[in-house]
Amino acid sequence: MVRTIVALALTLTAGSALAQQAAPAGVPAPLPRVALDTTAGRFVIEADIVHAPISAGNFLKYVDGKRLDGVTFYRAVKVGDHFGFVQFGPDGDPKRILPPIKHEPTTQTGIRHTDFTVSIARLAPGSARGEFTISIGDQPSFDADPSKPGDNLGYAAFGHVVDGKDAILTVFNAPVSPTATMRGAFEGEVPVNRVTILRARRIPPASR
């Protein structure tokens, strides 16, 4: 009798532990997070693979392939106090760059360019590769706007900086050269001293 009670107690304890480990039904899995260690400190991006699977998945491919290790923030556009954006990526390096991806407009994903939103820069829709933009302040001009003529699809937003925002603001507020360009572009937007991404790796996602 005693043995039966002990065995039953152990079974109930094990079952309780398993129930605690299993995700409750209907609760979505946490989104993947990436920590980027830079010469200005660490920041963390949460990639929304649910609403922007193509763009977020593309970012994670760059991370998993270690293609962002050693790249720099090569552009900082400061329109006003806490209003503009910064940009980082392989800068077209053929050894790092991946094929272009299908464009996911904000009207499709529902992810708007609010403060510290991460998106992928592009020229024509469907040309985006691995140049990533972080909005400083709300940037509705980066969102798709079907009411406008021509190319109105904006950038593809896919995630947010969820930790280490001070590191991003360090990049944003650093001095830029008034004359330097990148292949004739971005005059007045090229940092004097570029911040380098030393390492980009996935980290455990946030618990829900």
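Every number here is computed from the coordinates shown, using simple stated rules; none is lab data. All values derive from a computational prediction rather than experimental measurement. Using ideal geometry, Cβ is built from the backbone for each residue, glycine included, and neighbour counts are taken over all protein chains shown.
Using a simple spin-label model with pseudo-atoms 7 Å out from Cα toward Cβ, Asp138 and Asp91 lie 3.4 nm apart.
Computed from the C-beta positions of Ser147 and Leu169 and an R0 of 30 Å, the FRET efficiency is 0.40 to the nearest 0.05.
Computed from backbone phi, the HN-Hα couplings of segment 111-121 come to 8, 8, 7, 8, 3, 6, 6, 9, 9, 10, 6 Hz, rounded to whole numbers (Karplus: 6.51 cos²θ - 1.76 cosθ + 1.60, θ = phi - 60°; Gly and Pro given as x). Summarising the amide proton neighbourhood of Ala156: residues at separation of 5 or more, or on other chains, whose placed amide H is nearer than 5 Å comprise Ile120. With the simple spin-label model, which puts each label point 7 Å out from Cα in the Cβ direction, the Thr181 to Val50 separation comes to 4.5 nm. Fewest-first ordering of Val192, Val86, Val176 by other beta carbons within 10 Å of each residue's beta carbon gives Val192, Val176, Val86. Simple spin-label estimate for Val27 and Asp64 gives 2.5 nm between the two label positions (7 Å along the Cα-to-Cβ direction from each Cα).
The residue list Leu198, Pro175, Gly154 was ranked by how far each Cα lies along the charge dipole of the chain toward its positive end, using unit charges on Cβ atoms, and Leu198 comes out on top.
What is the sum of charges, Lys and Arg at +1 and Asp and Glu at -1, for the other residues whose Cβ falls under 12 Å from the Cβ of Ser177?
Local net charge: 0.
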